[in-house]
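This report refers to the structure that appears directly beneath it.
The values are calculated or read from the model by the stated rules, or taken from the named source; none is laboratory data. Worth saying up front: this structure is predicted, and the values here are computed from it rather than measured. So basically every Cβ, Gly included, is an ideal-geometry build from the backbone, and we count neighbours across all protein chains shown. When the accessible area is computed, the model is the full protein with side chains, heavy atoms only, and any ligands, DNA or RNA have been set aside. Shrake-Rupley method; radii C 1.70, N 1.55, O 1.52, S 1.80 Å.
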Amino acid sequence: MPTFEELYTKATAAEIKASILAIADAAQLRVTSWIFGDPSERWIEIVARALDAFTSTIQAQYVRSWFLDLATDPGDEGDLSEDQTPRAGWLSALGESWYGTIRRGQTLATGTLSLTNDDDGSATIYPMEFTFQSSVVQSDGGYPTYRNSPDPTVYTNIDGSLTIAPGATVEIPIVAEQMGSYASAQPGQITVVVTSGSGLFSCTNSSPVIGEEREPADDYRERCRTAADQQSPGGPGNAYRRAATTALDGSPLQRHDGSGSVGITRTYVSTSSSLGTVTCYFADDDGAADAVDVASANANIEGEVLGEITEPIGVVPDCVTYAGGPAIETTIHVAGTCKIKARSGVTTTIVKNAIVAGLTAAFAEFEIGGFDQVAGAGVVYTVDLEGIVKASYAGIYDVSLSSPGGASTAIAFGNVAVLDSVAGDWTVTIT
Amino acid sequence: MSVFQQTIKAYAPPSWGFVRNLGKLLESVGATFDGAMERMYLSRSSGLVQTSSFGAAEPVALAYHARDRGIRIYPTEPIDSQRYRLSRFRQLHQRRATHRGEMENAQPYFLPGALPLMRIVHQRGNGASCVWHTFTSEGVYSSDQKFPSNWDFDGVRAKWSRWWAIVYVSGTRIDGGQTTYGDGSVYNGGQVYGGLSQQTIADIVSLFEDWKSAHSTLWGVILTDDNTLLSPAGTSTTDPDGWTTYPIGNWGYVIDPNTGLPTRDPRLTFIHDLGQG
C-alpha cells in the first residue's frame, strides 16, 4: 500500500513504467533485455504515459485537495498547474470554502495625486488621459507609472471631464500600471507628468500609494487555521491571533487609515493569567508592527469601530482586561565567515547576498519571544543561525559566526528578534 | 485489490492466452492499473477522519487534518479519540475556552470504553461563591453556583481566573492504573504514582490546558476513582489526620506549614498542581 507521502506526490511516467517493469520482472518476464522500440516495450511505454496523463495528476491533486499544507494556488511552490501565473487556485478555494478565509491577491497600487495646472489657461482633462511616473528608481532600473483613474465624483463635467482653472490644484485618483508593491510610493515620490492631453502640469502625491503582493501561502494557511476559534465566545488565544490579521468576513484586516492591509504576521498572546488579563504583542516581517497596524489590530480584537474597520470582530470576553502593543525589538547582529568551493557562477557577492537574504527570511519567521519560551521569554540559538547561513546557498561549509557571541541570545517577554546583518558583515572564502 | 490484473486478459484475443509472456505482460499492466485505482481510493478516503464504509484517513494523514483543524493530537491519545475529536472540531472550537468546552475536549481521550465524569470548579473573586461545571460520562452538562463557596483553594481570592479540573476515572480505561499515591517510598520506573505514564499524565493535563481561554490559568488537575468526592453540593469535613475533604483555604500547601499535617484528601491525586497562589 502506498504511503501518504506517495499519495500526494505525483508519480512520473518513468516511475509508472518502472512499476510495470518491476511487476513483470517479479513475474519472471525478461523485461530488461527488450529492444527499445519493440512492440511490447512500446506498449508499456504507452500505458505508462497514459496513466501519467490521465490519472497521476488527478490522483495527486485529489489527496492534496483535502489539506491546506498540500493545496496550492498557481504560482505557489509545488503547484502542478501548467500555467503558473499567480492567481486563485485550489488553495484559495479550499480556504474560502472550508475556513471562510480569503487570500489577499496582488493588487494595483491606488491613491490620490495632486495635479496642478501650471498653464495660463483652463485645462480640461479626461480619465486615463494622463500618465504619471515615480521619481524613485526600482531594483530593476525602471520607474513605476500611473494613470488617472475614472471617478464620476471627480470628473463631473457633462462629458465626463474635469476642468482645472489656471494655477489650481485638484486631487485626482490614480492607479498603477504595474502590479503589486512594485508601484507603491511614499508621499512626494510621484512627481513626473509623463504624458498629458494638453497644457502644462505638475504633480505630487501627499499620501502613500499602496500596491500589495499576493499573501504568502503559508501566512494564508495560518489565517485559515485560526478561523475555527473565531466561533468561540470564551477568548481562546487563537481568537486574538485571528482578529489581529483578519476581518470579520475572512478577508485580510485593513489598516484603519485606509493604507492597505495590516502587515502583522506574528502575534504573541499571553497564555495564562490568574487575574483575567490578556496581553498581545504584534510584529511584522521585519520587526515590531507599526502604530497603525497595532491600532487596527486592537480595534478588531476589542470590537471597536475605527476608521476603515467598520465591523470589528471583538474577541475579548467580558471581565477580561486586554492590552495589545507592538513587540519590542531585540536586534541581533549576525556576522561571520564561511567557505564555498569554486564553481561556475559563484562569487563572494552572490554568496554574501544569499546569506543576508536567508537570514532575513528566517528572522521573519521567528516567533515573538523566541524559541523554548518560558513565560513568554526564550532564546535564539547561535547554532541555528549557523544552520541558516549554511542553508542559504548550496555548497556553503565551515560557517563560523563572530557575532552573536555565546550559545544563544535571550529574547525577553514581548520582544522580537530583529536582524542586523549586511553583506559587508560576511567573509566568504572561495576555495 | 487485484481486479484488473485478473480481468484484463478477458479483453485480449483468446490466442494471446497461449502466449505465456504476453499474459504476464498483460497482468503487469493490469496490476499497475489496480495500483492506480488503489491510490485513487486511498486519496479519497484520506479526507475522512472517521472510519466508514468508504475507508478512513491513515493515522499519518490525521496529523494533517489535525493541523488544519486546530486539533492537537497527543502522543498517548488513542486513535478513536483522535478521530472523534477531529470529526467534531467545529463543535469543540465553538466551545473552546469555556469550561464546558475544556471538558468536551478532554473526555474523548478516554475512548474506547466508558467515559469519565468530569468537573471544573473556580471561585469567584469576592470569595462568596464558587461555580461547579459538571460533564457526565453520558455527555450531560450542568453548572452549579454554590453559596457560600465550598471551594477556597488557598485563600487567595483575588486570583479569580484560576480553575481546577477533576477527572473521575472509575471505570475508564486508565482505571487499572494506580491513580492514588502509594506509600510514598518509591516512584516506579518511568511511571508516576505507580500507575500512569508521565506522558499520559502530561497529555491529560494538556487536553485541558490547550483548550482554555487566554485569560485564565489551569491551576490543578485532580484524578480520583471515587465519584462521590468533590460533589458540587458538598461541604468540607476535617479528618482526624488534619486533611479536609474540600479546600478551605488550606490546599495551597500539601503539608500545612503551621501544623505539619496533610491538607488534602488522600483519595485525590493531583497530576497538575501550581500550589499556593
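Run down B:R119, B:R90 and say which single residue is within 13 Å of chain A (Cβ to nearest Cβ) and either over 14 Å from the mean Cα position of the chain (by Cα) or buried (at least 16 other Cβ atoms within 10 Å of the Cβ) (or both). It would help to see each step written out before you state the result.
Numbers: B:R119 fails: within 13 Å of chain A (Cβ to nearest Cβ).
Selected residue: B:R90, the only one of B:R119, B:R90 that is within 13 Å of chain A (Cβ to nearest Cβ) and either over 14 Å from the mean Cα position of the chain (by Cα) or buried (at least 16 other Cβ atoms within 10 Å of the Cβ) (or both).
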Can you tell me which of B:E58, B:E38 is open to solvent by 20 Å² or more (accessible area, probe 1.4 Å), facing chain A (nearest Cβ under 8 Å) and out of contact with any helix residue (DSSP H, G or I) (no Cβ under 7 Å at 6 or more places or on another chain)?
B:E38
Under 7 Å between Cβ atoms, at least 6 apart or on separate chains: pull out the pairs that start in segment A:264-289 with a residue that is over 13 Å from A:I328 (Cα atoms) and end on any residue that is open to solvent by 20 Å² or more (accessible area, probe 1.4 Å) and assigned to a strand (DSSP E or B).
A:I264/A:D284; A:T265/A:D284; A:S270/A:T279; A:G276/A:T321; A:T277/A:T321; A:V278/A:Y322; A:T279/A:A323
May I ask you to verify whether A:D229 is within 14 Å of chain B (Cβ to nearest Cβ) and open to solvent by 10 Å² or more (accessible area, probe 1.4 Å)?
no
B:R44 versus (1) out of contact with any His (no Cβ under 9 Å at 6 or more places or on another chain); (2) charged (D, E, K, R); (3) open to solvent by 30 Å² or more (accessible area, probe 1.4 Å); (4) under 26 Å from B:T172 (Cβ atoms): which is the lone unmet condition?
(4)
Would a scan of segment A:184-199 turn up a residue that is part of a loop (DSSP other than H, G, I, E, B), open to solvent by less than 60 Å² (accessible area, probe 1.4 Å) and in contact with a Gly (Cβ under 6 Å, 6 or more places away or on another chain)?
yes
Quick one: in segment B:125-137, of everything that is over 13 Å from B:Y168 (Cβ atoms) and out of contact with any Ser or Thr (no Cβ under 7 Å at 6 or more places or on another chain), which residue is surrounded by the fewest Cβ atoms within 10 Å (Cβ to Cβ)?
B:N126
Answer yes if at least one residue in segment A:65-79 is β-branched (V, I, T) and either open to solvent by less than 20 Å² (accessible area, probe 1.4 Å) or modelled with pLDDT of 90 or more (or both), and no otherwise.
yes
Identify, by number, the condition in (1) modelled with pLDDT under 85; (2) of a type in the set (V, I, T); (3) more than 20 Å from A:K17 (Cα to Cα); (4) in contact with a helix residue (DSSP H, G or I) (Cβ under 6 Å, 6 or more places away or on another chain) that B:I8 doesn't meet.
(3)
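Before we move on, is B:E77 in a helix (DSSP H, G or I) and either open to solvent by less than 40 Å² (accessible area, probe 1.4 Å) or touching a Gly at 6+ places or on another chain (Cβ under 6 Å) (or both)? Explain how you work it out, then say what you get.
Numbers: in a helix (DSSP H, G or I): no; either open to solvent by less than 40 Å² (accessible area, probe 1.4 Å) or touching a Gly at 6+ places or on another chain (Cβ under 6 Å) (or both): yes.
Here the answer is no, as B:E77 does not meet what is asked.
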Please count how many residues of segment A:12-32 are open to solvent by 60 Å² or more (accessible area, probe 1.4 Å) and closer than 15 Å to B:L22 by Cβ.
2
Just give me the residues in segment A:33-64 being surrounded by fewer than 18 Cβ atoms within 10 Å (Cβ to Cβ) and within 11 Å of chain B (Cβ to nearest Cβ), in sequence order.
A:W34, A:P39, A:S40, A:E41, A:W43, A:I46, A:A50, A:F54, A:I58
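Having 3 or more residues that are within 23 Å of the chain's Cα centre (by Cα) and at negative phi is the bar; report the helices (runs of 4 or more DSSP H) wholly within segment A:39-147 that clear it.
Working: elements: A:39-51, A:57-64, A:90-99.
Here the list reads A:90-99.
State all residues of segment B:226-277 that are β-branched (V, I, T) and open to solvent by less than 20 Å² (accessible area, probe 1.4 Å); if no residue qualifies, say none. Can you show your working first?
Looking only at segment B:226-277, we keep the residues that are β-branched (V, I, T), and these are B:228, B:235, B:237-238, B:244-245, B:248, B:254-255, B:259, B:263, B:269, B:271.
Selection gives B:T244, B:T263, B:T269.
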Restricting attention to segment A:260-273, and to residues there that are open to solvent by 20 Å² or more (accessible area, probe 1.4 Å) and at the interface with chain B (Cβ under 7 Å from one of its Cβ atoms), which single residue is nearest to B:A158 (Cα to Cα)?
A:S272
Segment A:391-414 residues that are free of Cβ contacts under 8 Å to residues at least 40 places away in the same chain and among the aliphatic types (A, V, I, L, M), paired with ones that are open to solvent by 60 Å² or more (accessible area, probe 1.4 Å) and in a strand (DSSP E or B) (beta carbon under 8 Å, 6 or more apart)
A:A407/A:Y381
Hey, among B:Q50, B:Q82, B:Q6, which residue is part of a helix (DSSP H, G or I) and open to solvent by 40 Å² or more (accessible area, probe 1.4 Å)?
B:Q6
Mind checking which residues of segment A:315-330 are open to solvent by 60 Å² or more (accessible area, probe 1.4 Å) and touching a residue at least 12 places away in the same chain (Cβ under 8 Å)?
A:C319, A:T321, A:P326, A:I328, A:E329
Kindly indicate whether B:A106 is under 23 Å from B:Y246 (Cβ atoms) and within 14 Å of another protein chain (Cβ to nearest Cβ).
no
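Could you tell me which of the residues A:V351, A:V383, A:V389 is of a type in the set (V, I, T), at pLDDT below 95 and not in a strand (DSSP E or B)? First the steps, then the outcome.
Numbers: A:V383 fails: at pLDDT below 95; A:V389 fails: at pLDDT below 95.
After applying the criteria, what remains is A:V351.
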What number of residues in segment A:9-30 are more than 8 Å from every other protein chain (Cβ to nearest Cβ) and in a helix (DSSP H, G or I)?
8
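Is one or more of the residues making up segment A:235-247 open to solvent by less than 10 Å² (accessible area, probe 1.4 Å), assigned to a loop (DSSP other than H, G, I, E, B) and within 11 Å of another protein chain (Cβ to nearest Cβ)? Talk me through it step by step, then tell me what you get.
Going through segment A:235-247, the residues open to solvent by less than 10 Å² (accessible area, probe 1.4 Å) turn out to be A:235-236, A:239-240, A:242-244, A:246.
Now narrow it down to the ones that are assigned to a loop (DSSP other than H, G, I, E, B): A:235-236.
Next, only the ones that are within 11 Å of another protein chain (Cβ to nearest Cβ) stay: A:235-236.
Within segment A:235-247, one or more residues are open to solvent by less than 10 Å² (accessible area, probe 1.4 Å), assigned to a loop (DSSP other than H, G, I, E, B) and within 11 Å of another protein chain (Cβ to nearest Cβ).
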